[in-house]
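First comes the structure, then the notes that go with it.
Coordinate-derived values only; no laboratory data. All figures in this text were calculated on a predicted structure; none of them were measured in a lab. As a convention, Cβ positions derive from the backbone with ideal geometry for all residues, glycine included, and neighbour counts pool all protein chains shown.
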Amino acid sequence: MASLAPTAPQGHQFRARAVKKLRPVAFLISPIGVLVLLFVAPLMILVIMSFRYESLYGFHTGWTLDNFRLLFTDPIYRGVARDTVIIASTAMLCQLLIAFPLSYFIAFKAGRWELPLLLLLVLVDELNPIVRIYAWRMLLGREGLINDFLMWTGIVHAPLDWLLFTKFSVILVLSTSWVNYCAIPIYASMKAINPSLFEAATDLGAGWFTRWRRILLPLAAPGVFVAVILVYIPLFTDFATPGLVGGTSSYMLGNSVADLMVTIGDWGGGAALSLLLLTAMAGISVLAYFLTKLNQLD
Amino acid sequence: MTEAPATGEIRIERVTKRFGETLAVDDVTFEIPGGEFFSMLGPSGCGKTTTLRMIAGFEDPTAGRIILEGKDVSFVPPAKRNVNMVFQAYGLFPHMTVRHNVGFGLKIKKVAKTEMGERVDEALHTVRMEALADRRPAHLSGGQQQRVALARALVNRPAALLLDEPLGALDLKLRKEMQLELKRIHATTATTFVYVTHDQEEALTMSQRIAVMKDGVVQQVATPRELYERPSNAFVAGFIGTSNVISVRADSVRDGLVVMDLGEDDRVCAPDTGVGSSGEVKIIVRPERMRVWGDPEGERISRVRGTIAEVVYLGSMTQLIIDLKTGERVTVHELNDDLKGALPQIGDPVVVQWAAESSFVIDDAGAVNVAVSADMPE
């Protein structure tokens, strides 16, 4: 039997200790393994593809920078990029204009309706996005519900063409997508505000605008930044919405990727554009993070 | 250029406040002369905070009027009243420095930059926070936050400063320090202070006059001394300081006294308020007026035998809890300087004496609205 004095580990004792040390590692191997397999590996494949000729109909093979060069030189991409920035930014602004007052109401004025309203907000986005976008098509079309109503009440005498398959429809639909991801971070930062701050400001002579500008806005700003990070990227890279309700006039970079990969078969180009978008979005996130830090100063 | 100094007088006239079915403040009337340190004192739910909020403008009275410096401000919004409030949780703006917090009210009034800077410095100097002017509230202790909240209110030179239990979150030592600080600041600025608290010792320390409230009704409005020595009912007597309540059965009436005979030379004398023989009154005697080791001053002495239930030695004095022959349990404070010999023990028989002049008759804790009582003549 083992003596009381400490000795060097024997053979079987050493194996036992090694197994004990490896057990936490073994626990981590499975999730890390999944992560590597399903996320990092495809990303690496994407990176590799972007630097190679991978077109189904092209003639070249091997490594190249042409994929990237084309993206920057072809004027089509510049136009698409400009449209994408306009559409995504307008939609983002509209979302904030909806989400900010909504969050304020739920955080401060809802009383016992606060939790049901939050639940409703989450449920709203549970619907499959394709189904939701199709519903908008039915609303906005020439024979859609809105045109029917407008003609029935006599406000217009011919159906409005610009409701569907225009930039307007894309912006409209994007404004209502992922609104809960926009509203909930703003709501969270508002909840962190002590309501007596508003009373203190009122006591010192502040009207509603001053309270909004000097108390609510600065303290809710971190939430707004998180909302922008969470929502701007999906808005920017979306292709389902412009595809279904955008028609030919609003072609966004997401559509470009889809077309490059699926329709044209230029996997190299598609990969390059994806990578570029990914990098741009990462850059925006970092920028937004530093802007949040800026809020700490007075 | 200076404006005429605010008189800071506040009048509460027959103010009532109802929240749905609940009556929070019931027909309350009192007056606060300009520059006074006035407290509203009472247990939770007595209506003191609601009344304060009505003076500030955060609640509208259901009935009655709030008059500030001669003008009816009952329904004037809080931003437009010339009063400022120090909140229980301080309410400091976390994203601004101390200096910006204090200057907030001035900035809204669009005060010129140089004047604003001077007034902020002056306010910070009054509360002794100049050194920490560029810190943020998160980096301040509770007491320091308290002082910033005070400066932020005072810098506006309001007619009255309203304080809603501001010292509740501080530890005992800091609380006592801040009480004296507030008293000093009040003397310096000559602003009316309206203070709300449930701590009677705090109210007695700082206030020139106190309104004792219970269940939305003012029980008594008087100076600290008058509240202690001439409480108007049993509730006030019990709330302020310690009091001993004794029931006196009127066995006989003579020389303006009712006397209850207890045998063995024991008797209780109480002032005769016209109750007549075989009636009953309740009297209150303060613990320092009851004597156990020594004789009380006065002509007509009550004396009752009893047994010691508890002895609490407090250094300069001893607190004795005694069960009297009449059945009541009383508290007696005796100075240890007067003691010759050893401390009494639990179970020792004693004789408790007090002068009839030291006792006063009270009715049961009544809900009677009391007008302002005059100061006691010296």
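Per residue of A:212-219, what is the mean number of Cβ atoms on other protein chains within 10 angstrom of that residue's Cβ?
The per-residue average across the peptide is 2.
Take the eigenvalues of the Cα gyration tensor for region B:10-238, scale each by 5, and report the square roots as semi-axes in whole Å, largest first.
In descending order, the three semi-axes are 30, 20, 15 Å.
Starting from the amide H of B:R135, placed 1.01 Å from N in the peptide plane, find each other amide H under 5 Å away whose residue is 5 or more places distant or on another chain.
HN-HN under 5 Å from B:R135: B:V98, B:R99.
How much FRET efficiency would the formula 1/(1 + (r/R0)^6) give for A:V47 and A:K191, where r is the Cβ-Cβ distance and R0 is 56 Å, rounded to 0.05?
0.85
Sequence-distant or interchain residues sharing an amide H contact under 5 Å with A:R52, placed H: which?
Long-range HN contacts for A:R52: A:T64.
Whole angstrom only: what separates the Cα centroid of region B:125-169 from the Cα centroid of region A:125-141?
55
For B:108-114, what's the mean count of beta carbons from other chains sitting within 10 Å of each residue's beta carbon?
1
For a Förster distance of 22 Å, can you work out the FRET efficiency between the beta-carbons of A:L230 and B:A138, rounded to the nearest 0.05?
Here the calculated transfer efficiency is 0.25.
To the nearest 10 degrees, how steeply does helix B:142-154 sit against the main Cα axis of chain B, on a 0 to 90 scale?
Helix B:142-154 sits roughly 70 degrees off the main axis of chain B.
Residue-wise, which Karplus ³J(HN,Hα) couplings in Hz belong to region B:180-185, taking 6.51 cos²θ - 1.76 cosθ + 1.60, θ = phi - 60°, and x for glycine or proline?
Each residue's phi maps through the Karplus curve to give 5, 4, 4, 4, 5, 5 Hz.
Applying 1/(1 + (r/R0)^6) with R0 = 51 Å to the Cβ-Cβ distance of B:H125 and B:E21, what FRET efficiency is obtained, to the nearest 0.05?
0.55
Can you tell which of B:I346, B:I66, B:I283 shows the greatest fluctuation in a Gaussian network model of chain B with Cα springs below 10 Å?
Among B:I346, B:I66, B:I283, the largest GNM mean-square fluctuation belongs to B:I346.
Can you return the aspartates and glutamates within cross-link range of B:K340? Criterion is Cα-Cα under 14 Å, with same-chain partners fewer than 8 residues away left out.
Hits, sequence-local ones excluded: B:D295.
Could you check which residue among A:G247, A:G283, A:G141 shows the biggest mean-square fluctuation in a GNM of chain A with a 10 Å Cα cutoff?
Most flexible of the set in this elastic network: A:G283.
Leaving out same-chain residues fewer than 8 places away, which lysines sit with a Cα under 21 Å from that of B:K48?
B:K17, B:K183, B:K214
Would you kindly derive the ³J(HN,Hα) couplings of region B:156-161 from the backbone phi angles with the Karplus curve 6.51 cos²θ - 1.76 cosθ + 1.60 (θ = phi - 60°), listing them in order in whole Hz, with x for Gly and Pro?
Once rounded to whole Hz, the list reads 7, 6, x, 5, 9, 10.
If you stretched the chain out fully between A:A16 and A:H157, how much longer would it get, using 0.36 nm times the residue separation minus the C-alpha to C-alpha distance?
Here the segment from A:A16 to A:H157 would lengthen by 42.2 nm.
Mind checking which aspartates and glutamates have their Cα closer than 14 Å to the Cα of B:K325? Skip sequence neighbours fewer than 8 apart in that chain.
Correct list for B:K325: B:D261, B:E264, B:D265, B:D266, B:D348.
Sequence gap at least 6, Cα distance under 8 Å: using those rules, report the relative contact order of chain B to the nearest whole percent.
Answer for chain B is 16 percent.
What average count of beta carbons from other chains do you get within 10 Å of the Cβ of residues in B:83-94?
5
Over all Cα pairs of region B:239-362, how is the pair count split among 10 Å bins, expressed in % and running from 0 up to the last occupied bin?
Taking all Cα pairs of region B:239-362, the binned fractions are 13, 46, 31, 9, 1 percent.
Placing +1 at every Lys and Arg Cβ and -1 at every Asp and Glu Cβ, with all other atoms neutral, what dipole size does the protein assembly as shown have around its Cα centre, in debye to the nearest 20?
3020
So what's the back-of-envelope 222 nm ellipticity for chain B, counting only DSSP H runs of four-plus at -39500 (n - 2.57) apiece and dividing by all residues, rounded to 500?
-6500 deg cm²/dmol
Could you tell me which residue out of A:L197, A:S249, A:L118 lies farthest along the dipole of chain A toward its positive end? Charges go on the beta carbon: Lys and Arg +1, Asp and Glu -1, centred on the Cα centre.
A:L197
Give the span of the protein assembly as shown's Cα atoms along each principal axis, as three whole-Å numbers ordered largest to smallest.
For the protein assembly as shown, the Cα spread along each principal axis is 128, 97, 54 Å.
From the phi of every residue in region B:81-86, what ³J(HN,Hα) in whole Hz does the Karplus formula 6.51 cos²θ - 1.76 cosθ + 1.60 yield, where θ is phi - 60° and glycine or proline is x?
8, 8, 10, 10, 10, 9
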